[in-house]
Amino acid sequence: MTMSFLHWFKWKTHQPAPPHQAQEKLSGMVNTSLAANIAELSTLFSLAPDLVIRHLTIQSTGHEAALVYLNGLNDKNSINNNVLRPLQNGTTNGSSDSSSSVTIGYIMKLKRWEDVELAIFQGYSVLFTEGQSEVQTFDTQGWPQRSIEDPQIESSLKGAHQGFVETGTQNIAMIRRYIPNRELKMRELTVGRRGKTKVSILYLADVAHPDVLKELEDRIGRLDVDAILNTGELEGFIEDNPYSPFPQFLSTERPDAAASQILQGRFAVVVDRSPSVLIGPATFTSFFQSLDDYSTRWLIATFIRLLRFVGFIVAAFLPALYIAAISFNYEVIPIKLILSIGESRERVPFPPIVEALLMEITLEMLREAGIRLPTPIGQTVGIVGGIVIGQAAVQAGIVSNVMVIVVAATAIASFIIPNYDMASAIRLIRFPMMIIASMFGIVGIVIGLMTLIAHLISLESLGTPYGSPVAPMRFADWKDTFVRLPIWKMNKRPVSARPLQDKRQGSNHPRGDGK
C-alpha cells in the first residue's frame, strides 16, 4: 500500500506541465541570428509538415533571409509575385529596408515570438533576415473559403441575396457597404489560448451607448477558453441568463439585417470563422421582426407580424389547451365537438398527455431528421414520414384524428417564427406546458403563462430589459412592435436600444395627390 502511494506521488510530481502553461512561457524576442531563428521555428512548429521555410538572398542588400508561412493558409500567387520575386530581383532605390521592394500593401514588423507565431497561424508570411532582430510580416492570406451566397436560414423576398461567410474581414466589409460612414467604429478583441479568434464589435459611435459597449467588451475580455469556434459558443459565454431557454442575442446571417440593427443603435459582434453575427441588446419582440417587414406595405407587414405572435401562442399552448380541455375542462367544449372528439378517441388506449407527448416527440424527431439529412432526402422524410406515420397511428388506434390536427397546427405555427433560436425555445416550452396542463387543467396553463411572463420580464440583454417596450412600458416603441406603422412615421430610434441620438429621420410624409 505504501509503495503504491509513493509510486503514484512520484508519477504526479513528474507530470509535464499542461500544454497551455507551456504556451504561456513563449514571450522571448526574435534573435538577430537567422540560424537561431530557424532552430526556434523548428521547435515551435514541430510535427508540422505544412510549414514552409524558403531560404533566399535579398538582392538589394545581399542579406540571407528566410520566408516562412503555412501551406494552405496563403495565396501562393501573391507570395511568388509580390514577395519572392521583388526580394530576389527588385531594387530598393538606395533604401536599406528590404520591404520597400515588396508589392504588398499591408506590412507589419514584429519582435516577439508570440506575435510571430500568431501571425503565421493567421496566414501571414513572415520574413526573417540575418542580422535583424525584427521580422516583417506580409498580408498574403489566402485560406480556402466559399463564395458569398444567399443565406440558408434567413431567406428574403425583397432584401439582398448576400449572406455572411466564414471570413471576418469580408463580413465587416459587407456591413461597411451598407453604412459608409466614419462614425461606424470597430473594436477588435482576441479570444482563446490555443485557437486565437478575432472578435470585432461594430457600432455607431455617435448613436450607440458607451455603457453597453463597455459591458460587452468586459464580458468578452474576461473569457479564458481554448478557442471560440462560432457565435453560438460566444453567446453562451456572454449572455445574461444562461439558464433561460430564450435567446438574449439576435443571430443573423444577413449583412443588411446587421446594418439595420446597427443604425438603430445596437452592437454587431463579428466572430472570425463564423458565418453569423450577434446583435445586442435584444428584446423579446425583436425576434418576431423580419427585414421583409420594412420592404412591404405597412398594412401587410402588420398583419404578418400579428400572425407571428398568434403563431407563438398556438405553438406554445395549443397542445396544452387540448390536454386540459379533454382531461379536466371538457365543459368548455361545444357538445357537438366533444361528441366528435369522443368518437375519434374511443379506440385510443392512452390518456391525452401520453398521446400528445408521443406525437410531439415523433414530430421533433422527424424535424431533426429532415435537417440533418441531405436536402432532397430531408424534405422527403419530413413530408412523407409525417403523412405516413400520422395516418398509420390513427388507423392503429394509437392517437386520435384531433390530436394529429393539433400537432400539425402546432408545427405550422412554429414555422412562421422568423428567428430559429426563438422558434426552438417555443418548441421546448411546449412540453412543460403540456405536463402542467395534464396535472391542473386550465388553471395550470394560467399558472404556467404567468410564470413565463414573469421570467420574460426579469430577463435582461446587456443590461437592457428583455420585455421592453411592454415591460417597462414604452409607448414610443409601439410603432414597430406588434404592428408596423408606415416607415415615415418611425422618426425615432427604439428606446430599448438605448441610443444617444433618438432622431432617426426627418419629416418624410408623402405629399402626393392622395395626401
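The values are calculated or read from the model by the stated rules, or taken from the named source; none is laboratory data. Since we're looking at a predicted model, the values are computed, not measured. Counting neighbours? That spans all protein chains shown, and the Cβs are built from the backbone with ideal geometry, glycine included. The accessibility values were calculated without ligands, DNA or RNA, using every heavy atom of the protein model including side chains. Shrake-Rupley method; radii C 1.70, N 1.55, O 1.52, S 1.80 Å.
Structure notes:
- For the chain, the per residue solvent-accessible surface stands at 52 Å², with DNA, RNA and ligands left out and a 1.4 Å probe.
- Where trypsin sites (Lys or Arg not before Pro) fall in DSSP loop in region 470-513, at most 14 other Cβ within 10 Å: Arg511
- Dimensions of the chain along the principal axes, based on C-alpha atoms and rounded to the nearest Å, stand at 99, 90, 44, largest first.
- Measuring nothing but how far apart in sequence close Cα pairs (under 8 Å, 6+ apart) lie, relative to its length, region 265-374 scores a relative contact order of 13 percent.
- Cα shape, region 389-467, gyration tensor, a/c 1.5 rule: oblate
- Seen through its C-alpha gyration tensor, with square-root eigenvalues sorted a ≥ b ≥ c, region 26-84 comes out oblate because a/c lies at 1.5 or above while a/b is not bigger than b/c.
- Here the accessible area of region 86-232 is 46 percent carbon and sulfur, with a 1.4 angstrom probe and all protein chains present.
- Only Cα sites of region 423-515 enter the Debye sum here, all with the same form factor; the resulting log10 I(q)/I(0) across q = 0.12 1/Å is -0.59, listed in q order.
- Residues Arg297, Arg194, sorted by accessible area with the largest first, give Arg297, Arg194 [1.4 Å probe; ligands and nucleic acids excluded].
- Cα Rg over Rh - region 293-381, Kirkwood: 1.12
- Ligands, DNA and RNA left out, the accessible area of region 340-458 computed with a 1.4 Å probe is 75% carbon and sulfur.
- For region 397-515, size of Cβ-based charge dipole, Lys and Arg +1, Asp and Glu -1, in debye: 560 debye
- Structural descriptor for region 132-241: relative contact order 18 percent, calculated from alpha carbon pairs under 8 angstrom and at least 6 residues apart.
- Karplus-derived 3J(HN,Hα), 6.51/-1.76/1.60, for each residue of region 349-359, Hz, glycine and proline x: x, 9, x, x, 5, 5, 4, 5, 4, 4, 6
- Separation of region 296-357 from region 429-495 is 21 Å, based on Cα centroids.
- ³J(HN,Hα), Karplus 6.51/-1.76/1.60, whole Hz, each residue of region 232-238, x for Gly, Pro: x, 5, 4, 4, x, 7, 10
- Set of aspartates and glutamates with alpha-carbon distance to Lys76 below 15 Å, sequence-local pairs under 8 removed: Asp50, Asp139
- Computed over the chain: relative contact order in percent, which uses C-alpha pairs under 8 Å that are six or more apart: 13 percent
- Spatially near lysine pairs across region 129-246, Cα under 24 Å, sequence gap of 8 or more or different chains: 5
- Overall form of region 321-449 per C-alpha gyration tensor (a/c, 1.5; a/b vs b/c): oblate
- Global dimensions of region 233-381 from alpha-carbon coordinates: Rg and Dmax equal 21.0, 61 Å.
- Couplings for region 57-64, taken from phi via the Karplus curve 6.51 cos²θ - 1.76 cosθ + 1.60 with θ = phi - 60°, read 10, 6, 5, 6, 10, x, 7, 6 Hz in order; Gly and Pro are left as x.
- Å³ per residue enclosed by the Cα convex hull of region 310-354: 86 Å³
- When the convex hull of its Cα atoms is viewed from all sides, region 98-254 shows a mean projected area of 12.7 nm².
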